[in-house]
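Have a look at the structure below before the remarks.
Since every read-out is calculated from the coordinates, none of them should be taken as a lab result. The structure presented is a predicted model; accordingly, all values stated were derived computationally and were not measured. Cβ: placed from backbone, ideal geometry, glycine included. Neighbour counts: every protein chain shown.
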Amino acid sequence: MTKAKSKSLKKQEQQIVQPIKVNEVSAPKHLQPLEEENVVKLKLEQGDDKEMITKIDELKKEIKVAKKPDLTDGQKIWNEIKNVPITMFGLNGKVVSDYCKTIDLVPTKCFLIQSVSSVLPMLEMAIGANRPGSKYVVELQGKYIMVSRGQ
């Protein structure tokens, strides 16, 4: 390459690499934002922010902590019987919750899912159910064991 060509290439590279200066290029006057409008808009936005903050603070004062819902009768029954000792397969130290899990189907009754099919008679014995004057009534309803209050 000749020196003249290399100089012209360097000039072209410099022209390409140079950043465009924004101030030198000006948009038509009707497309340029007005400073006064921007200042007014900023003041309005700041006022909106302050108003929003005060509204949020007022709402925080009005918020009340929701009280914990009361337990249903079925949940109360479960809390009473889940830690009752039950003797299954000659194993001591087992409780009802080891062989049954509760589900909430009807609020007035406790429905249990049994993990072993022989739980029903042992559960009746453990909680003293289905006897005259007993505290609980135990029934098998499909695949669930239903425990309700006795009379």
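Would you tally the net charge around Pro107, using a Cβ to Cβ cut-off of less than 12 Å, leaving Pro107 out, and scoring K and R as +1, D and E as -1?
Neighbourhood net charge equals -1.
Using 23 Å as the Cα-Cα cut-off, could you pick out the over-long pairs in Lys68/Lys135; Lys67/Lys135; Lys68/Lys109; Lys67/Lys94; Lys68/Lys143; Lys101/Lys143?
Where the Cα-Cα span goes over 23 Å, the pairs concerned are Lys68/Lys135; Lys67/Lys135; Lys67/Lys94; Lys68/Lys143.
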